[in-house]
Each structure stands twice: as structure tokens, then as C-alpha cells.
Amino acid sequence: MMKALVLSLSLIFPLSVPAQSFEPLDEAIQQGAFGNLKAVIVSQYGDVVFEGYYRGAQPGDLHQVQSVTKSVGSALVGIAARKGLVQADQPLGDYFSGLYDMSSNALSNKSNITVAQVLQQRHGLQWDEDDSDYRDPANPVTQMIQSDDWYRFVLEQPMAAAPGTAFAYSSGASTLMSRVVRVATGMGPDEFAQQELFEPLGIDAVHWEIYSEQGLGNGITQWPNPDHDPSLGFSLWMPARGLLKFGELYLNGGVHEGRRILDESWVEASWTRYSHAGNSDYFYRPGWGHGYQWWIARVADPAGREWTVYFASGWGSQVIFVIPDLGAVVVTVADNYDYNGPDVDVMLISRILPELSPRLDSGYSGSWYDTATSGQGFSLEVLEKRGALVSYWYTYTPEGALRWFILQGELIDGVGEVVVYEASGGRFLQGDEVSLAEWGTARFLPVDCMHLMLEVEAPGLSTTIPLTRLTGECRQ
């Protein structure tokens, strides 16, 4: 179950690289600035840089993660696909014909909905769970839960659009993935998840149960479907650290501690905008979209640095944010079910992103220029595996003569530390010897994917040059 987050966007040109401090974040959470948060974890480049538990929560506590379950369900389908057990373009009829007469009037037009279209939430079913509270009897999720057969309830919904043509967020459609996993693997989704996902990730404790306001142990655990399987739409409970491991699995392209669990192509497919502002009224901001049970947003922090954020999101502020260009994962769990104030999206943008700096890596290789100085440019090659970099700086003397420098050095703590050599001599195509003289030092500091800062120190000169990307691609 998910209620849409609203990540705000600002457009201020980035001016500096932040220094890290999470004390203001901790104080704001304690004061309730972002609701009833129970846990917040921030990791960057594999290291936990902030971890806090609040309002009686402990690290080992299980939290109902609501619609984050959908993203886990997508991963289970991806694992099955990696094993050759399921294909994204397979129709639902392949999975439900053993339960129902898929040629009947009520179900025949559902048979050709594909697995991918369900993961994309472009199934075509008439379904609107966003305009009412999940505790409202009129909400289709509530109606499904109260039905005798959840699968049949979903499949008997009328079609509102041709499959693959329109976005409609549906916890019911996601629930159908439980059957897909069972038929494809011969195991219930909970068993398959334990064996193929949670155990490899080192997640020791999980639980499957429908939400109850009375807490763990008071919800539904007897699943009203022919297989008696838990819903891959909203029924999973996990510890916050388990959510972090799951987010880092996607951050690392499907690999955990050297073991591949998901194909990288599945992660890429999960993070592709099949629905977006250009083809759906649901997404009213450029850069927003939905993939395979993952949401995508393009945001800017208060300094104007722009980031693409992929997130798994559940009702009540259960969220996994993944920001690849920062090497970061942010996890929140909360009891924000009746909360209407600034939410964790605001916290991410205003309190967390400003404290994170990207590392200089091979993604920054390419051509860069100083927008304030015409005719000046940099060619940068980051040799990430060797921990080295080289750059060529093309500029002019005050008299207009060509002047160029070679910058060579190493990567230290995500920053490029280089020695600057001035080149002289040599003529085009003449083979003349080129002389190099040490001229100064410099540091390449990444700001965001589109911007670098070059700090230069030389005799009689100390300056910072803002650089903008000319070639290469950023996540959009």
C-alpha cells in the first residue's frame, strides 16, 4: 500500500560541496519534525553514516513495510527470471488457468495481461486505491481483503484500458505476483524469498502479516487465496537493517558481497520509467515515473544539486531511497498513518542530501568546460580501478596564445588529487619534443553528476573553477 510522496524540486546552481553532519537531522527526528519516525538509516558507499532509532524502537524490531513489499515481490520475479523460470512477457493466463476458467466472460480479457505489465502497474484494470484511506470500506484494497478469494476479486475487476497503455496503482494487481512466483518456482513466495533473497542477504528475521492497528500478531495471517500464500502487495514485515541490505542490493546492480542475486538488466528494467508525465496524468512532474514496482523521481537539494532517486515506498512512511550518483541508500520506517506534516521526502531533500557528497568515479570521465570562460575546456579520464586520473586542460594566455596543462594524480577519499604540469614546445604534426614543468596542484571535487569544482593552487594563484559536463550521461 502506498500513498504518493511529494518530493519538491528547487533550481539553485550548486555552489559548494557539503561537509557531513547529521546532528540536526537527529534532533529534528526526536522533535517529531517528520512525524512518528521509528528508524532512519543512511548508508553511503557501503558504510552506515547515520543510524537512529526512536520512540521505543530497537534495531531488531520488525516493521510492516506495506508497499515496499511490492519492490521485494518484483525482486522475487527477477530472481525467478534469472533462473529461467519466468519471462516478463508471459501472460497471466499461464499462471491462473490452473485455478480458474480464464476463458469465462469475467476473466477472458485478463489472460493476456503480462507479468511485466503488472509489475509496471500498466495492467489495464479499473482500480483506484489512492483517493480513500486504506481503512475505508470503499477502498478496493479493503474490499479485496474482505473477499473470500483475493485473486478472483482482482481478476474480476473490469478493464479500464488496454493492457500496457495506462498506469493504475494497484495493490491487488501486485498480489497476483504471489501466484506467479508459486507457479514459476514451485514454492510459496515466502519460502522462495527466504531461500533466494533473505538468506543470501543475511536477513535473519522477516514476517508476513496484514496490517493491524493493534500491531504485530493481530493482523491476517490466513491468506484468502487458493494457494494460501501471502500477498506480494503489502504483507511483509522486516527490520530496518534488512531494508537497507535490500536497497544496497539494487544500488550494487543486483550483487551482494560478490554474489549475484539479480541480473543487472533486471535492476535497469526496474528503474526504467514506463509511466511518466509524458504518458500518464498520475505523474505531473518531469523526471517522475514508475518502473517494475519501483518509483523514480528527479529532485534537487537546497544547494541546487540534482539527483535521480529510486524508491520503494509504503503507506505510513516506510521507504527505501536509493541514490546511485551518491552511492547512498536511505531507509525510514514510521507510524505516519494519520500524519499530515512534512514527510520523509522533505527530510531526504532538506536534511540528508545536503550532507552527502559524491565520489569522483569513472562516471565523471568526459569533457568539461567553464561556462564563464569561453575557449577553455578539460578532458578528464578517471581510472577508477587503478585509483588514478589524468586530465588535459586547454586554455589561452592573456595574449590569446594556446596554453595547455596535464593534470595527473590519484583518487583519495572520492576526490581527485593531482599535480598540474604546464606543457610547452611542440608543434602540430611536427613531432617536436614537449617539455613538462610542474606548475601547481589541483583537486577535482564532484558536486553532482553535471558539475565539478576544480580547486587550483599555484604560485601567486589560488582559485576555484566551476566545471559543467559537456559529454557523458547522467541519470535523468
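None of the figures in this text is laboratory data; all of them are computed from the coordinates on show. Fair warning: this is a prediction, and the values are worked out from it, not measured in the lab. Here Cβ is always computed from backbone atoms with ideal geometry, including for glycine, and neighbour counts include all displayed protein chains.
The stretch between Asn218 and Glu433 holds 69.3 nm of extra length on full extension. This uses 0.36 nm per residue minus the Cα-Cα distance. Using only the Cα atoms of the stretch 47-122, build the gyration tensor, take square roots of its eigenvalues as a ≥ b ≥ c, and label the shape rounded, prolate or oblate: rounded if a/c is under 1.5, else prolate if a/b is larger than b/c, else oblate. Because a/c hits 1.5 or more and a/b exceeds b/c, the stretch 47-122 counts as prolate. Ranking Gly60, Leu353, Phe378 by how far each Cα lies toward the positive end of the dipole of the chain (charges on Cβ) leaves Phe378 at the top.
Cβ crowding within 10 Å ranks Leu92, Leu445, Leu262 as Leu445, Leu262, Leu92, fewest other Cβ atoms first.
Using only alpha carbons, the chain has a radius of gyration to Kirkwood radius ratio (Rg to Rh) of 1.05. Going 7 Å from the Cα of Asp89 toward and past its Cβ, which residues in the stretch 114-132 have a backbone nitrogen under 20 Å from where you end up? Backbone N within reach: 114-124. Checking every one of the chymotrypsin sites (Phe, Trp or Tyr not before Pro) in the stretch 369-476 against DSSP loop status and a limit of 13 other Cβ atoms within 10 Å picks out Phe428.
Would you mind ranking Cys474, Cys449 so that the residue whose beta carbon has the fewest other beta carbons within 10 Å leads the list? Display every interim value, and only then the final one.
Working: Cys474 13, Cys449 22.
Fewest to most other Cβ atoms nearby, the residues stand as Cys474, Cys449.
The overall shape of the stretch 224-331, judged from the alpha-carbon gyration tensor, is oblate: a/c is not under 1.5, and a/b is no greater than b/c.
One Cα centroid belongs to the stretch 443-476, the other to the stretch 160-189; the line between them spans 46 Å.
Residue exposure proxy: Lys70, Lys110, ordered by other Cβ atoms within 10 angstrom of their Cβ from fewest to most, comes out as Lys110, Lys70. Computed over the Cα atoms of the stretch 362-469, pair by distinct pair, the Kirkwood hydrodynamic radius stands at 14.4 angstrom. All other residues whose Cβ lies under 11 angstrom from that of Phe378 are scored, Lys and Arg at +1 and Asp and Glu at -1, for a net of -1. Straight Cα distances below 25 angstrom link Lys70 to the lysines Lys3, Lys38, Lys83, Lys110, Lys245, with same-chain residues fewer than 8 positions distant left out. The chymotrypsin sites (Phe, Trp or Tyr not before Pro) found in the stretch 271-302 that occupy coil by DSSP, while having at most 15 further C-beta atoms within 10 Å, are Tyr284. Going by a ≥ b ≥ c, the root eigenvalues of the Cα gyration tensor, does the stretch 112-221 fall in the rounded group (a/c under 1.5), the prolate group (a/b larger than b/c) or the oblate group? Oblate, because a/c is 1.5 or more while a/b does not exceed b/c.
So, counting K/R as plus one and D/E as minus one, what does the shell of residues with Cβ under 9 Å around Thr185 add up to?
0
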